[in-house]
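Shown next, in structure tokens, is the structure this report addresses.
The values are calculated or read from the model by the stated rules, or taken from the named source; none is laboratory data. Here the structure is a predicted model, which is why all the values come from computation and not from measurement. Methodologically, a virtual Cβ is constructed for each residue, glycine included, from the backbone with ideal geometry; neighbour enumeration extends over all protein chains shown.
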Amino acid sequence: MSDETQRQGREQHAKKKQAQKILRILKRVYPDADCALHHKNPFELLVATMLSAQSTDKQINKLTPALFARFPDARSMSKASLPELEKLVYSSGFYKNKAKNLLAMSKRLCEAYDCQVPDRMEDLLSLPGVARKTANVVLGNAFHKAVGIVVDTHVGRIARRFGWTREKDPVKVEKDLMALIPKSKWIWISHALIHLGRGPCQARKPHCMECPLEKVCPKILD
């Protein structure tokens, strides 16, 4: 074993020990951290997650009741007119592209999956407008399958502050986190970090003195 390999092994071991300390504190502070998007079934969660890009969960929760009252499932949404969809999702931002993706996604569900949301990563990624983050949200929260870790802007930023990753690409960040965090915590950790990011660990001016992790966080700023 080379000196470089040994050094990398020691660094990874130290990261895992630090991660364990952070996870224990986060579990105490955010024991019930859960998905903030309101949904009653996998289809509603898939749609809400697609709409949440470049928006906020709070804003999406305001518009989805009217959307799902009109189009409660993939079959009905697949027959929607694009102008009506655009009107219903207007307040989410980037509404034209989102409406187009929702319509195409619903049609694909009905063509390939009997209008049901599939529970496999590769199938979800085949849907228009669905990337790995959205697929992880649906798999973890609708099907309780820990296939990966949801990496949004909060999760990526905080992971870099913790020194858990140096990557900016969400897929690479996810890979680094999966190597550090026990699989049993993959679904919960993203929710906990999102809570932390919306609270003390903000992007521009983190309130470190108010943070429960102040004593263990290395505070590596982007």
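Data overview
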read-out: Residues of segment 153-168 that turn out to be assigned to a helix (DSSP H, G or I) and either surrounded by fewer than 22 Cβ atoms within 10 Å (Cβ to Cβ) or over 10 Å from the mean Cα position of the chain (by Cα) (or both), as a count; value: 9
read-out: Filter result for residue 54 (farther than 18 Å from residue 136 by Cα and in contact (Cβ under 8 Å) with a residue 24 or more places away in the chain); value: no
read-out: Residue 62 being over 30 Å from residue 104 (Cα atoms) and in contact (Cβ under 8 Å) with a residue 12 or more places away in the chain; value: no
read-out: Any hit, segment 116-129, residues being under 20 Å from residue 64 (Cβ atoms) and touching a Gly at 6+ places or on another chain (Cβ under 9 Å); value: no
read-out: Any hit, segment 202-209, residues being outside any helix (DSSP H, G or I) and at positive phi; value: no
read-out: Residue in segment 95-106 that is closer than 22 Å to residue 146 by Cα, of a type outside the set (S, T, N, Q) and either surrounded by fewer than 18 Cβ atoms within 10 Å (Cβ to Cβ) or in contact with a Pro (Cβ under 8 Å, 6 or more places away or on another chain) (or both) present; value: no
read-out: Unique residue being under 21 Å from residue 54 (Cβ atoms), in contact with a helix residue (DSSP H, G or I) (Cβ under 8 Å, 6 or more places away or on another chain) and assigned to a helix (DSSP H, G or I) when the list is 150, 171, 130; value: 171
read-out: Selection within segment 42-92 - assigned to a loop (DSSP other than H, G, I, E, B), of a type outside the set (Ser, Thr, Tyr) and either closer than 21 Å to residue 152 by Cα or not assigned by TED's automatic domain parsing to the domain that holds residue 131 (or both); value: 53, 54
read-out: Subset tally (residues that are among the basic types (Lys, Arg) and in contact (Cβ under 8 Å) with a residue 40 or more places away in the chain) for segment 134-166; value: 3
read-out: Near pairs, Cβ below 8 angstrom, 6+ apart or cross-chain, from segment 104-125 (in the same structural domain as residue 51 (by TED's automatic domain parsing)) to any residue that is among the β-branched types (Val, Ile, Thr) and part of a loop (DSSP other than H, G, I, E, B); value: 105/130; 109/117; 121/147; 124/117; 124/130
